[in-house]
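Asks: Pasting in a structure now, in structure tokens, and then I'll have a few things to ask.
The values are calculated or read from the model by the stated rules, or taken from the named source; none is laboratory data. Since we're looking at a predicted model, the values are computed, not measured. Neighbour counts are summed over all protein chains in view; Cβ atoms, including those assigned to glycine, are modelled from backbone coordinates with ideal geometry. Ligands, DNA and RNA are stripped out before the accessible areas are found, and what is left, the full protein with its side chains, is counted by its heavy atoms. Shrake-Rupley method; radii C 1.70, N 1.55, O 1.52, S 1.80 Å.
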Amino acid sequence: MLWILRFSGVFSAAMMMVVLSPSFQSLPPAEAIRSAHYDGPDLRKAGEFVPRSPLSFRRAPEFTNAEECGSLGRTRPRVCDPGLVHVAITLDVEYLRGSIAAVHSVLQHSRCPESVFFHFLVSDTSLETLVASTFPNLNFNVYYFDADMVKDLISTSVRQALEQPLNYARNYLADLLEPCIGRVIYLDSDLIVVDDISKLWQTDMGTRTIGAPEYCHANFTKYFTGSFWSNKRLSGTFSGRQPCYFNTGVMVIDLVKWRRVGYTKRIEKWMEIQKRERIYELGSLPPFLLVFGGHVAPIEHRWNQHGLGGDNVRGSCRDLHPGPVSLLHWSGSGKPWIRLDSKRPCPLDALWAPYDLYSHAHQ
Ligand SMILES: *[C@@H]1O[C@H](CO)[C@@H](O)[C@H](O)[C@H]1NC(C)=O
């Protein structure tokens, strides 16, 4: 699948032809998972009933480090080992297929896939077995995110999909992950990485706590209600800042600074205000804009080509933004796996399909 390594160039119609040609359908042979057995850490409480996951995935090929990555020794790296790239991603039944494709894409395009350590945020620990049997030798830990942590902080939103408690797990990475982890890349479940993630990992953050591609031409006003802007006590939070919209689906986070300043509490403070006064319409995004807007380390836009999910209008397909592409993000209401299954895909959904490991045979 070397073709996609060349994806960094300007996206063109010619590239699309390459992508859609039949040869690209030839995926490495994948082994069907028959048993799901895993000897790793188990967060389940003894005696707790764990239902079998209704989803089944093919086993991904084994991804190994290139020579220049240096030797990791014979044992798997431990989470606190230096030199690892840490990636956090949520796993839930609804988006599982997307999360698995995202992990697959990261491994496939890494020069040093064995040096990537995944941190899976779950509210259902039975998914751990599934990940372990889908990706042989994957370095990962699973963190149980208790929905009760945010239940009382979530207000009813116009878009129910944004109100899944697991969406808020990114607020708590600094607490959930091991204290030895100083930096993490957070990734949403509806994206694929088509470049070496170690490049994103090496982002120069300067003095900033989070890094993300910023969109300063977007109308920032619309992310908050009129009553927010007319209340100077609240909107004054932006005085002296020049906030731009950024998408919280791809972020590089300095966990050391986050813990030191206590940003989790700051985010929670805005969520509490939202419960009382309704200062925004969306879910987990606006508190990040409130806390970090104008203080974000800019990352190249290639690392979040977002909006590919399109909107609710039937048949609305989005195109890529101009410029190079390192990450494609199907944010918005449409998801490529749903559209592909319904045989009404958008053209760019064909780029997601090669990373899909879902096994239809088990449906
Ligand atoms: C930005 O959005 C607000 C609220 O929707 C609107 O009132 C304003 O006119 C918009 N500004 C621009 C420059 O489009």
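Asks: Sort out which residues of segment 335-349 are open to solvent by 20 Å² or more (accessible area, probe 1.4 Å) and not in a loop (DSSP other than H, G, I, E, B), and write them in order of number.
Replies: Ile338, Arg339, Leu340, Asp341, listed by residue number.
Asks: Exactly one of these conditions fails for Pro322: (1) loosely packed, with under 15 Cβ neighbours inside 10 Å; (2) without any contact (Cβ under 8 Å) to a residue 40 or more places away in the chain. Give me its number.
Replies: Unmet condition: (2).
Asks: Can you name every residue in segment 335-352 that is at pLDDT below 95 and of a type in the set (Asp, Glu)?
Replies: Within segment 335-352, just Asp341 meets the criteria.
Asks: Within segment 192-214, is there a residue that is assigned to a loop (DSSP other than H, G, I, E, B), more than 14 Å from the chain's Cα centre (by Cα) and within 16 Å of the ligand (Cβ to nearest atom)?
Replies: no
Asks: Filtering segment 180-206 down to residues that are open to solvent by 40 Å² or more (accessible area, probe 1.4 Å) and touching a residue at least 12 places away in the same chain (Cβ under 8 Å), which residue is farthest from Ile267 (Cα to Cα)?
Replies: Across segment 180-206, the extreme among qualifying residues is Lys199.
Asks: Show me the helices (runs of 4 or more DSSP H) entirely contained within segment 217-274 in which 1 or more residues are away from the ligand (no atom under 16 Å from the Cβ).
Replies: 232-235, 255-261
Asks: Just to be sure, is Asp124 among the charged types (D, E, K, R), part of a loop (DSSP other than H, G, I, E, B), buried (at least 19 other Cβ atoms within 10 Å of the Cβ) and more than 16 Å from the ligand (Cβ to nearest atom)?
Replies: No; evaluated as a whole, the condition is false for this residue.
Asks: Looking only at segment 325-334, filter to residues that are assigned to a loop (DSSP other than H, G, I, E, B) and at pLDDT 95 or above; which one of those is surrounded by the most Cβ atoms within 10 Å (Cβ to Cβ)?
Replies: Filtering segment 325-334 for residues that are assigned to a loop (DSSP other than H, G, I, E, B) and at pLDDT 95 or above, the one surrounded by the most Cβ atoms within 10 Å (Cβ to Cβ) comes out as Trp330.
Asks: Looking at (1) modelled with pLDDT under 95; (2) acidic (Asp, Glu); (3) within 21 Å of the chain's Cα centre (by Cα), which one does Glu281 not meet, given that it meets all the others?
Replies: Going through the list (1) modelled with pLDDT under 95; (2) acidic (Asp, Glu); (3) within 21 Å of the chain's Cα centre (by Cα), Glu281 breaks only (3).
Asks: For segment 271-295, what are the residues that are farther than 19 Å from Leu166 by Cα and surrounded by 22 or more Cβ atoms within 10 Å (Cβ to Cβ)?
Replies: Within segment 271-295, Ile279, Leu290, Phe292 meet the criteria.
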